[in-house]
Amino acid sequence: MPGSNGTHTHSLPSSSGYAAPTEWSVEPVGSLPEVDAAEYLGARLATTVRPGLRERLAATSGDAAGDAYLVSRARQDEFGAAVAALEAEGYELRVTGPWPPYSFARLP
């Protein structure tokens, strides 16, 4: 969300009720230009595939799977700062969480 000086800030909701790491979803979004059906996929990819986005967020999380990031309580602020930095650079992101780590569940 825009701050008073025009920069973006992102404060993650508290996950203090969770002892284990929590899952956060960070999805790049963007508006699509008016294109015909043949050009739709290319236009969609151009607005949602951002170089370095996943790598930068994964560096502040314990694990990553697609748009899901497993973030320990100790690194919540660091992860929130990484999201805020990306938004300040112009990335339009949809952030949801904290979630139970569904994307990281493994069968025994």
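What follows draws every value from the coordinates through simple rules; no lab data is involved. This is a predicted model, so every value here is computed, not measured. Glycine also receives a Cβ, built like all others from the backbone with ideal geometry; neighbour counts cover every protein chain displayed.
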Point to revise | Local electrostatic count, Ser25, Cβ distance below 9 Å [Lys/Arg +1, Asp/Glu -1] | key: -2
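If R0 is 22 Å, what FRET efficiency do you get for Arg106 and Arg73 from their C-beta distance, rounded to 0.05? Kindly include the intermediate steps, with their values, before the conclusion.
Numbers: r = 21 Å, r/R0 = 0.94.
After rounding, the FRET efficiency stands at 0.60.
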Review point. Ranked from highest to lowest mean number of other Cβ atoms within 10 Å per residue, what is the order of the peptides 73-80, 98-105, 21-28?
Key: 21-28, 73-80, 98-105
Study note, to complete from the structure: Amide H contacts under 5 Å for Leu93, restricted to residues at least 5 apart in sequence or on another chain and with H modeled in the peptide plane, are Val29
